[in-house]
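Enquirer: Quick one: the structure is below, and I'll ask about it shortly.
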Amino acid sequence: MFGQRLWDLFRAYNLKYLNIDIDKYSEEEKSTIAVVLGIFGGFLSDVPEARQLYGVELLPELKELKEGVRLDGNGLTIKELQKQVHENAINKGWWDSDLPRTFGDQIALFHTEVSEAMLDYQNNKEINEIYYEGNKPCGIPIELADVLIRIMDTCEYYGIDLENVLVRKMKYNEMRPYRHGGKRL
């Protein structure tokens with residue numbers, strides 16, 4: 001009974017998110033897929049543990065997904081970029097012990113970057129415009145990039161796997177009703 005329920009959960013998950021052609025696999029392979037995705041909640045960061053536990057090789061579709069979300073088809077994953085952003089912040093002294101930061105400080109820094117984007121908008125800068133002050137790139141796109149940089153830096157510091165959380169939240173949002181119950185904004 002448990003196996004059938006697990007398989008039903010996998011089938012629903014597959015239809016919604018993966019689109020793996022499951023009919024081409026044997027019953028044993030289908031069970032393995034269901035166990036890997038079912039026991040570990042469908043989040044592929046846990047697949048190596050499942051592979052070790054069950055002694056199975058990942059199917060090609062799962063191997064591809066496990067590699068992470070590639071930003072341009074062959075560039076950095078979000079996870080790799082997050083680590084790189086944080087390493088740069090450390091190298092530039094933003095996490096030195098003489099500069100203690102709280103989580104609240106980090107949130108406030110997110111706000112400063114968003115506010116800088118708003119100031120450019122209020123000053124009639126085009127939304128896609130990038131301009132320079134000396135060598136420094138400025139503009140709404142740059143400030144929005146700074147928001148992401150601050151968020152990635154903070155996530156890496158606190159051990160938050162932003163890539164995994166982002167995928168989870170996007171999948172949840174796909175199931176939400178139109179305008180989440182009639183909201184205007």
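Enquirer: Select from the range 114-169 the residues that are farther than 21 Å from residue 76 by Cα, touching a helix residue (DSSP H, G or I) at 6+ places or on another chain (Cβ under 8 Å) and aliphatic (A, V, I, L, M) and list them in ascending order.
Expert: 114, 117, 127, 130, 140
Enquirer: At least 1 residues that are in the same structural domain as residue 125 (by TED's automatic domain parsing) and in contact (Cβ under 8 Å) with a residue 60 or more places away in the chain in each: list the helices (runs of 4 or more DSSP H) lying fully within the range 135-185 that qualify.
Expert: Once the helices (runs of 4 or more DSSP H) in the range 135-185 are filtered for at least 1 residues that are in the same structural domain as residue 125 (by TED's automatic domain parsing) and in contact (Cβ under 8 Å) with a residue 60 or more places away in the chain, what remains is 140-158, 162-175.
Enquirer: Taking the range 76-99 as the region of interest, how many residues are among the polar types (S, T, N, Q) and under 11 Å from residue 157 (Cα atoms)?
Expert: The qualifying residues number 1.
Enquirer: Specify the residue that is farthest from residue 147 (Cα to Cα); the eligible residues are those in the range 107-132 that are surrounded by 12 or more Cβ atoms within 10 Å (Cβ to Cβ) and of a type in the set (Val, Ile, Thr).
Expert: Across the range 107-132, the extreme among qualifying residues is 130.
The values are calculated or read from the model by the stated rules, or taken from the named source; none is laboratory data. Treat the numbers as computed from the prediction; the structure is a model and nothing was measured. Every residue, glycine as well, gets a Cβ built from its backbone with ideal geometry; the counts of neighbours run over all protein chains shown.
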